[in-house]
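Novice: Dumping the structure here so I can ask a few things about it.
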Amino acid sequence: MLRIKEYVKAESLAQAYELNQKRANRIIGGMLWMKMGTVNVHTAIDLSGLGLDGSEERKDEFVIGCMATLRQLETDERLAVLGSGILKESVKNIVGVQFRNLATVGGSLAGRFGFSDVLTAFLALDTEVELYKAGRIPLAKFAAEGAGSDILVRVFVKKDDRRCVYLSHRNTKTDFPVLTVALSSARSGIRVAAGARPQRAILVPADECLNKADAADIFEGRADKEALQAYAAQLAAKVPTGSNMRASAAYRSHLAEVLIRRGLTALNEQAAKERGKKDAD
Amino acid sequence: MQIRITLNGRKITEDVSPDLLLLDWVRAHGCYSVKRGCETSNCGLCTVFMEDKPVLSCSVLAVRADGKRIETLEGLRKEAEEFGAFIAGQGAEQCGFCNPGMIMNAIALFRENPEPSEEEIKEYLAGNLCRCSGYEGQLRGIQAFLAYKKGGGIQ
């Protein structure tokens, strides 16, 4: 049960930061996960009065406030240009609309949850997070280190030419995922993120598996089936997995290979289709 | 803490404890359609509208609803009855415990997307669990209601 002694709707980030220096105080995002445990909070810090619940499109990036909801990632049509609409795809299996109207982007990332679809998807994009004190840092670094007593204020996603695919495996619909995979293919290379391993999402060191030519093949839609299969096996071997009540490590490792293969295949097909269209024009 | 909430059109000002959940607050104000079904933010039975958006009232602090409009099934009687008749018409449910939450979220769906496809219906209502049925009756009821609406409300 969640017990809260005091509640403060922060009037400034400075005030929220100061309150957040006490261990007994907690920032509440959507509060959905926090409520699941037995938690005694002295002061609940609410950031919802700070205008951080929207997103803004700039010339070369999107800025998403920490209090924007997961539902906004789905319904904000501007965000669909990012990685073939990966953000919408990644959240649609999370419980239900009512849940996603509450769960926040900031809470999902700051929690660095093992099961996070959101963290996995953002890792496949060129994402940075802004911490109140530490400033902008790459999401992968944040995922590894966390915010400590700092505050995740905004999320920045670069607009670029990457295509993305998001895949997850769930034992039943709307449940936590057994494994999540997000892949991106850009001129600069392939990027693969895997989460719910069951530990938190990581970026798979893809460069060691794929040489530049291979990545370019996929980006141009020219990779053949055997090559995709071989890459998938190499990449999956670099995804550390573990066991929990949902699945064993061996099953997850098998899934990793299957999902990565499907993902690479989809990226390759998408590129081939676009190339076909261009040639026809 | 003092809060002001407009519950089904009625302004209420009250002192509440910071960890009081909106679910318990609306029930304390007579809205018994709002149910606690799972305690894990999963079942959708406690669905209410906060500023017109469907949310899980079991996961919202009452203090966070301060200054906002909250609607429950009690406040949407006409809309709910009209649609509910189609669910009943299919004999879709057995115990009916999940019905108010499902009707709330279905109304949210119809307002957002008046002509949803079957896939869109399933996706929107995925967070509303029913343990008696296999959801088929509800789906038929929803489709019958949509056809009735499309035909200008004539059965």
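The values are calculated or read from the model by the stated rules, or taken from the named source; none is laboratory data. If you're wondering where the values come from, they're calculated on a predicted model, not measured in any experiment. Neighbour counts are summed over all protein chains in view; Cβ atoms, including those assigned to glycine, are modelled from backbone coordinates with ideal geometry.
Novice: Out of region B:130-153, which residues are in a helix (DSSP H, G or I), closer than 20 Å to B:GLY91 by Cβ and not acidic (Asp, Glu)?
Specialist: Correct list: B:GLY137, B:GLN138, B:LEU139, B:ARG140, B:GLY141, B:ILE142, B:GLN143, B:ALA144, B:PHE145, B:LEU146, B:ALA147, B:TYR148.
Novice: Is there a residue being over 25 Å from A:LYS159 (Cβ atoms) and away from chain B (no Cβ under 14 Å) anywhere in region A:23-46?
Specialist: Within region A:23-46, one or more residues are over 25 Å from A:LYS159 (Cβ atoms) and away from chain B (no Cβ under 14 Å).
Novice: Mind listing whichever residues of region B:37-89 are buried (at least 24 other Cβ atoms within 10 Å of the Cβ), polar (S, T, N, Q) and without any contact (Cβ under 8 Å) to a residue 60 or more places away in the chain?
Specialist: Result: B:SER57, B:SER59.
Novice: Only one of these is within 13 Å of chain A (Cβ to nearest Cβ) and at positive phi: B:TYR124, B:TYR135. Name it.
Specialist: Answer to the selection: B:TYR135.
Novice: Would you check if A:ALA147 is under 30 Å from B:CYS58 (Cβ atoms) and either free of Cβ contacts under 8 Å to residues at least 40 places away in the same chain or among the aromatic types (Phe, Trp, Tyr) (or both)?
Specialist: It is true that A:ALA147 is under 30 Å from B:CYS58 (Cβ atoms) and either free of Cβ contacts under 8 Å to residues at least 40 places away in the same chain or among the aromatic types (Phe, Trp, Tyr) (or both).
Novice: Specify which of the listed residues (B:GLY127, B:GLY101) is surrounded by 14 or more Cβ atoms within 10 Å (Cβ to Cβ), part of a helix (DSSP H, G or I), modelled with pLDDT of 95 or more and not assigned by TED's automatic domain parsing to the domain that holds B:LEU21.
Specialist: Among B:GLY127, B:GLY101, only B:GLY101 is surrounded by 14 or more Cβ atoms within 10 Å (Cβ to Cβ), part of a helix (DSSP H, G or I), modelled with pLDDT of 95 or more and not assigned by TED's automatic domain parsing to the domain that holds B:LEU21.
Novice: Would you call B:CYS46 out of contact with any strand residue (DSSP E or B) (no Cβ under 6 Å at 6 or more places or on another chain), more than 8 Å from chain A (Cβ to nearest Cβ) and within 30 Å of A:LYS173 (Cβ to Cβ)?
Specialist: No.
Novice: Please count how many residues of region B:104-121 are within 14 Å of another protein chain (Cβ to nearest Cβ) and outside any helix (DSSP H, G or I).
Specialist: Residues flagged as within 14 Å of another protein chain (Cβ to nearest Cβ) and outside any helix (DSSP H, G or I) within region B:104-121 amount to 2.
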